[in-house]
Amino acid sequence: GGPDPGTSGGTGIHEKAIVMTVARLLERELVGSGRYKVLLTRSSDQFVALRERVQRARAAKGELFVSLHADSHPNAATRGASVYTLSEQASDREAAALAARENKADIVAGVDFSDKPREVASVLLDLTQRGTINHSRLAANLAVDALQRRGVGLLPRTHRQAGFAVLTAPDIPAILVELGYLSNRYDEQLLKQPIHQQRLALGIMDAADRFFAAVPPSEPAPAWPVPRPPVGPGGGAAKKA
């Protein structure tokens with residue numbers, strides 16, 4: 001947002017405009033259901049640093065963080081949506097490069113355990129992050145399945161992992177949804193179409209509904225692996241009202 005337009009498509013459309021439109025559609029659907037309270041990390045054309053986005057979500061006591069993006073790729077034939085969760089090591093070279101581009105704007109957010117002994121703080125942070133990452137992976141798999149059910153074209157190996165700074169809140173499950181590639185002519189045209197934007201928003205909402213059905217609001221994140229639901233091939237915080 002603001003002076004940072006993000007990726008630009010061949011017709012001149014900016015990433016910041018696409019993601020803001022989809023975010024507002026998603027907000028409307030979530031709030032309209034009467035089941036959610038939604039906080040957009042930005043509600044106008046302004047720049048919000050990565051660390052600040054995470055801080056705003058934590059301050060609002062968000063229970064699911066969704067970061068929306070529209071990327072570009074050196075290979076113009078690459079197209080399709082994908083969903084990322086946090087990983088210390090990127091799942092592949094492409095994911096690592098994408099995370100590096102996103103992270104250059106800011107530093108990773110941290111957690112204040114200053115009132116705890118170092119050893120205790122380390123264990124607490126590790127347990128919190130482990131449970132949060134498990135819930136994030138569940139949300140990502142549900143998002144992949146929901147987007148496919150809505151007819152959204154997906155990138156192969158749709159659920160990926162990378163070290164995105166915006167996904168680092170240790171206590172809020174978080175996913176990053178790449179809506180498509182503005183470097184691809186077909187994806188660019190789709191991302192500009194209201195019907196496709198609505199399809200994306202409804203897919204993410206479907207995933208949120210299924211996520212909170214599996215993980216009741218305010219339930220502490222478990223520190224054990226969460227089974228993955230079956231999936232097909234291929235920035236805001238929400239709080240259950």
Hey, with R₀ at 30 Å, roughly what FRET efficiency would K192 and R157 work out to, going by the Cβ-Cβ distance, to 0.05?
0.70
Once fully extended, how much extra length lies between R149 and D45, figured as 0.36 nm per residue of separation less the alpha-carbon to alpha-carbon distance?
34.3 nm
Extension reserve of the N75-Q89 stretch, reckoned as 0.36 nm per residue once the Cα distance is removed
2.7 nm
Averaged over every viewing direction, what's the projected area of the C-alpha convex hull for segment 154-215? Give it in nm², one decimal, please.
5.5
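Bear in mind these aren't lab numbers, they're just calculated from the coordinates by the rules spelled out. Quick caveat, the model's predicted, so the values are computed rather than measured. With ideal geometry, Cβ positions are generated from the backbone for all residues, glycine too; neighbour counts draw on all protein chains shown.
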